[in-house]
Amino acid sequence: MTDNTFGKLFSFTSFGESHGLAIGCVVDGVPPKVKLQEADIQPYLDRRKPGQNRFVTQRSEADQVEILSGVFEGMTTGTPICLLIKNTDQRSKDYGDIATQFRPGHADFTYTEKYGIRDYRGGGRSSARETAVRVAAGAIADIILTRILGTSFKIQASIVQIGPHKISSDRFDASEINNNPFFCADAQTALIWADYLDDVRKQGSSAGAIIEVVATGVPSGIGQPLYAKLDSEIASAMMSINAVKAVEIGAGFSLSEIAGEIAGDEMQMANGKPEFLSNNAGGILGGISSGAPITARIAIKPTSSILTTRKSIDTSGKNIELRTKGRHDPCVGIRGVPVVEAMMACVLLDLMMRHHAQTTILPEANS
């Protein structure tokens, strides 16, 4: 199976399946002498791991990361870092009935069409279980970026909509994001979501979500003008996450509704520095970071594994009705928040390294 590697200078190659012995990744391009140990990565994984509340899957995985290579005496060596996360709570028997059935909304049918074989246990390689290793790789990227850019740098994602219920922008409070199970910056809306998802779960259904991510403290000049635009790399990274069906940068689709004099972000000098009076561009102009906050929104479809009986077909071409057993998220977007943050960190570090590789190789012209 090809295309399991993300990134160019900072990259990771993931491996493993949902119900295999373990999942993991090999992270390459990490500079030497970066302080790193398992305890630095674990807090990132703890935010994503299942079983933490009634609004996510009750599969109980510790998601304990192990560093197998690339770190010596608490410092990176510049060689590939292998990260391993063991699977400890597989219940493969839950999937016995779908071995010859195609679940609506899943990759069962397309995997079979492409490879002629599939691991039906929890979706195998197509399972969102793989996103745990993205978070582990993203943790390393975030640690390096923070060391390079300092405390002004931060990536923060939050859910701004679940089902039809949106947060109130007037009540947006970033300090609330980690105070509820929904990564919600609006405490009142979090209560609405709790009642809504309780009803959704009781009905044997699921709900979609929209995640907003903001990266602050990113310097200008990051990204390429054409085929590796910062916004195209972000969009590609986010679209590679399970269940993501749409990505918008900055004001996104709403830009099509407003006049040009409003859409284009005006600039002024303030305290000797250029300042943008708005940020409809999401901190990216011509594929290159402008120094303004980088913003994106990611739409997550409702979880495909639901208890409601639905029409489908089996491997023999027979029409059937099926319901998916097992332990599943009523809204997979909730645990998608740390995954979105991780992929943003990987994109930014990779493009920053590519930028410096291109622009700092020669001495200044006047030196």
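Dividing the convex hull volume of the alpha carbon atoms of the range 97-230 by its residue count, what do you get in Å³ per residue?
Taking the convex hull of the Cα positions in the range 97-230, it is 185 Å³ per residue.
Would you compute, from DSSP H runs of 4+ residues alone, the mean residue ellipticity of the chain at 222 nm, taking -39500 (n - 2.57) per run and dividing by the full residue count, rounded to the nearest 500?
-8500 deg cm²/dmol
For the range 231-322, report the convex hull volume of the alpha-carbon atoms normalised per residue, in Å³, without decimals.
151
Filter 33/114; 35/166; 8/154; 49/154 down to the pairs with a C-alpha to C-alpha distance above 31 Å, please.
From the list (33/114; 35/166; 8/154; 49/154), the Cα-Cα distance tops 31 Å for 33/114; 35/166.
I need the chymotrypsin sites (Phe, Trp or Tyr not before Pro) found in the range 199-294, filtered to DSSP loop residues with at most 15 other beta carbons within 10 Å of theirs.
Loop-located and lightly packed - 227.
Taking 0.36 nm per residue of separation and subtracting the Cα-Cα distance, what length does fully extending residue 35 through residue 257 add?
Here the segment from residue 35 to residue 257 would lengthen by 75.1 nm.
What order do 85, 117 take when sorted by accessible area (1.4 Å probe), most exposed first?
Descending accessible area places them as 117, 85.
Can you run phi through the Karplus equation (6.51, -1.76, 1.60; θ = phi - 60°) for the range 240-245 and list ³J(HN,Hα) in whole Hz, with x for Gly and Pro?
7, 7, 3, 6, 7, 10
Based on the mean of other Cβ atoms within 10 Å per residue, sort peptides 329-338, 189-198 so the most packed one is first.
Going from most to least packed, we get 329-338, 189-198.
Using the Karplus curve 6.51 cos²θ - 1.76 cosθ + 1.60 with θ = phi - 60°, what ³J(HN,Hα) values do you get for each residue of the range 256-264, in whole Hz, with x for Gly and Pro?
With coefficients 6.51, -1.76 and 1.60, one gets 6, 9, 10, 6, x, 5, 9, 5, x Hz.
Put 149, 21, 351 in order of accessible area, largest first, 1.4 Å probe: what do you get?
Reading off the accessible areas and sorting them downward yields 21, 149, 351.
What whole-number volume per residue, in cubic angstrom, does the convex hull of the C-alpha atoms of the chain give?
It is 167 Å³ per residue.
For the range 130-183, list log₁₀ I(q)/I(0) at each q in 0.15, 0.28, 0.31 Å⁻¹, using the Debye formula over Cα point scatterers of equal strength and ignoring solvent, two decimals each.
The Cα Debye sum returns log10 ratios of -0.63, -1.07, -1.14.
The values are calculated or read from the model by the stated rules, or taken from the named source; none is laboratory data. Nothing here was measured: the structure is a model prediction, and the numbers come from that model. Here Cβ is always computed from backbone atoms with ideal geometry, including for glycine, and neighbour counts include all displayed protein chains. Areas reflect the complete protein model, heavy atoms only, side chains present, ligands, DNA and RNA absent. Shrake-Rupley method; radii C 1.70, N 1.55, O 1.52, S 1.80 Å.
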